[in-house]
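Trainee: Here it is, the structure in full.
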Amino acid sequence: MAVNTATTPKIEGFDPLIKPSGGFEELKRLVIDQGVCSYCSTCAALCERVVMGEDGLPVCGSDLESGKDCTMKMGSLGCSDNGTCYDCCPMISFSVPDMEKSVFGRTREDAALGCYEKIAAVRSKNKKILENAQDGGCVTSLLACALETGMIDGAVVSWRGKDWTPSSGVATDPEELLKSAGTKYSRVPATMTFGSAIKDYRRLAMVGTGCQTTGARRALEGPLKNLVEITSSSKSPLDFILIGLFCFENMSYDCMKKTVESSHGVKLEDVVKTDITKGQFIVHKKDGEKIKQSVKIFNHCLSDSCHLCTNFTSYLADISVGSVGTDPGWSTVIVRTKKGMELFDRAVKAGYIEVQDKVMIDAVKFNFGLKEKHRKQKKEEREKEGEYVPEYGLE
Ligand SMILES: Cc1cc2nc3c(=O)[nH]c(=O)nc-3n(C[C@H](O)[C@H](O)[C@H](O)COP(=O)(O)OP(=O)(O)OC[C@H]3O[C@@H](n4cnc5c(N)ncnc54)[C@H](O)[C@@H]3O)c2cc1C
């Protein structure tokens, strides 16, 4: 059965939606052309025919406009039945409860928080990391611990240029990790880096937002699940740890830059940190001045994917980290899997992080509630227009 309608496909048990895909062409028709691409880059991670175009949207093959060059046989990983790009896209409907059963062995206890083993407030014990980090430096400290104690060989992280141009790569030493600390409020093709990194590294971590960690998780539970050998040189199984960031919304770099420069009246070269707190986009200048503007002025920089997403806490990661819920200078941490607990305990024992129990869960739930409200509004709007809306089996 082909999904030929531009309206939300009616799904029974989700299978009928997943089965009839036509690879990239169908991904383009439902997701890219209908404005719900999250720019996570998972599709480009898994097939060498798919690349991220100049506007940040994925394109495929030599016929870049139509994507018709997709043969559904290509890609270094081999193509799945429906196209790996389609099967792993976080904006293509899938059953999150089924995925949770597969990853965590159960479904979520709490809608906002997802499945978890532990929730805590965390702060790095490393002064340099704290100076460079966004919040409590938890992400960088966990990665430093994983790298320095031999749990991983590299970590997929994001860096920024002088004018905050975002880039993504694999950090393999503490200096590269330290440079990645701090939030860039713009889209980074982290999952694409993960796709190429798995050809060179067997034990990896990846840091990403909800859509990126969902894309990576769909790949790890799908086409990569039983894939032992990706290149002829390596035969050991993939060992992977996903660190998810809380994320309300993300935007294109060009739009963020233009908006900051015109509204805050400052060049990004002169900015040392950006932060979003209590509805304000705060720019920290090199000279110590802080300029605040309502975050709403960035609304035109968002994709519908952010409005349709309720994955505020990156619920498919091994460990999720955010700022909401803890005092300034601390990170809120949700540890979800055994592997996540192993890294967390190791980081405590080896003195990388300090931990407190006090987390304001209601603040996390409040943000999740706002995202639910946005999704409801956007879903209604799009359905009225006969436009595609991804479903996750959560409502
Ligand atoms: C776009 C975006 C929106 C966010 N929105 C919220 C929010 O609404 N509420 C909330 O509580 N928290 C939000 N966060 C998370 C928060 O800003 C911090 O990243 C988190 O608290 C971790 O802080 P830390 O000090 O432990 O991390 P650090 O030690 O400073 O490490 C930060 C890590 O994030 C990675 N990173 C930075 N920018 C990006 C990016 N654009 N894409 C992928 N990876 C990136 C870096 O590679 C680094 O590994 C958001 C993060 C992003 C990227």
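The values are calculated or read from the model by the stated rules, or taken from the named source; none is laboratory data. Treat the numbers as computed from the prediction; the structure is a model and nothing was measured. No Cβ is skipped: glycine too gets one built from the backbone with ideal geometry, and neighbour counts run over all protein chains shown. Ligands, DNA and RNA are excluded from the accessible area calculation, which covers all protein heavy atoms including side chains. Shrake-Rupley method; radii C 1.70, N 1.55, O 1.52, S 1.80 Å.
Trainee: If I stretch the segment between T277 and L370 completely, what's the gain in nm (0.36 nm per residue apart, minus their alpha carbon distance), one decimal?
Mentor: Gain in length upon complete extension: 32.0 nm.
Trainee: Find which of V283, S294, L268 sits farthest along the positive direction of the dipole of region 253-301, computed with +1 on the beta-carbon of Lys and Arg, -1 on that of Asp and Glu, about the Cα centre.
Mentor: Ranked along the dipole, the leading option is S294.
Trainee: Only Lys, Arg, Asp and Glu count, each charged at its Cβ (+1, +1, -1, -1), so figure out the dipole size of the chain about its Cα centre, rounded to 20 debye. It would help to have the intermediate numbers written out before the result.
Mentor: Working: 52 positive and 54 negative charges, 163 e Å.
It works out to roughly 780 debye.
Trainee: With the crude spin-label approximation of a point 7 Å out along Cα→Cβ, what separation in nm comes out for K127 versus K286?
Mentor: Placing both labels 7 Å beyond Cα along the Cβ direction yields 2.5 nm.
Trainee: I would also like to ask the following. What is the distance in Å between the Cα centres of region 310-332 and region 92-135?
Mentor: Taking the Cα centre of each part, region 310-332 and region 92-135 sit 7 Å apart.
Trainee: Choose one answer from D98, D327, D287: the residue with the largest mean-square fluctuation in a GNM of the chain with alpha-carbon springs under 10 Å.
Mentor: Its mean-square fluctuation being the largest, the pick is D287.
Trainee: Oh, and also: Please give the charge dipole size of region 253-301, origin at the Cα centre, charges +1 on K and R Cβ atoms and -1 on D and E Cβ atoms. Round to the nearest 20 debye.
Mentor: Magnitude of the dipole: close to 180 debye.
Trainee: Along the charge dipole of the chain, which of G393, L143, Q377 sits closest to the positive end, that is, farthest toward it, with unit charges on the beta carbon of Lys, Arg, Asp and Glu (+1, +1, -1, -1)?
Mentor: Farthest towards the positive pole: L143.
Trainee: Then there's this: Ignoring ligands, DNA and RNA, what percent of the 1.4 Å accessible area of the chain is carbon and sulfur?
Mentor: Heavy-atom surface of the chain belonging to carbon and sulfur, 1.4 Å probe: 50 percent.
Trainee: I've got another one for you. For region 253-301, what does the alpha-carbon gyration tensor say about shape, rounded, prolate or oblate, given a ≥ b ≥ c as the root eigenvalues, a/c under 1.5 as rounded, and a/b over b/c as prolate? Each step should come with its number before you reach the end.
Mentor: Numbers: a/c = 2.03, a/b = 1.24, b/c = 1.64.
Oblate, since a/c reaches 1.5 and b/c is not below a/b.
Trainee: Would you mind computing, in nm to one decimal, how far apart the modelled labels at K339 and L238 are, each placed 7 Å from Cα along Cα→Cβ?
Mentor: For the pair K339/L238, the computed spacing is 0.9 nm.
Trainee: Another question, then. How much net charge surrounds S263 when only the other residues with a Cβ under 12 Å from the Cβ of S263 are counted, with Lys and Arg +1 and Asp and Glu -1?
Mentor: +3
Trainee: As a test, work out the antiparallel percent of DSSP beta bridges whose residues both lie in the chain, rounded to the nearest 5.
Mentor: Rounded to the nearest five, the antiparallel share is 75 percent.
Trainee: Okay, next question. Divide by every residue of the chain the summed helix terms, -39500 (n - 2.57) for each DSSP H run of at least 4, and state the resulting mean residue ellipticity at 222 nm, rounded to the nearest 500 deg cm²/dmol.
Mentor: That calculation yields -8500 deg cm²/dmol at 222 nm.
Trainee: Continuing with the same structure: Label the chain by shape, choosing from rounded, prolate and oblate, from the square roots a ≥ b ≥ c of the eigenvalues of the Cα gyration tensor; if a/c is under 1.5 it is rounded, and otherwise prolate applies when a/b is larger than b/c, oblate when it is not.
Mentor: Rounded, because the longest to shortest axis ratio a/c is under 1.5.
Trainee: Determine, for each peptide in 103-112, 124-133, the mean count of other beta carbons within 10 angstrom over its residues, then list the peptides with the highest first.
Mentor: Averaged packing, sorted descending, gives the order 124-133, 103-112.
Trainee: Per residue, what accessible area does region 299-395 have, given a 1.4 Å probe and all protein chains present, in Å²?
Mentor: 47 Å²
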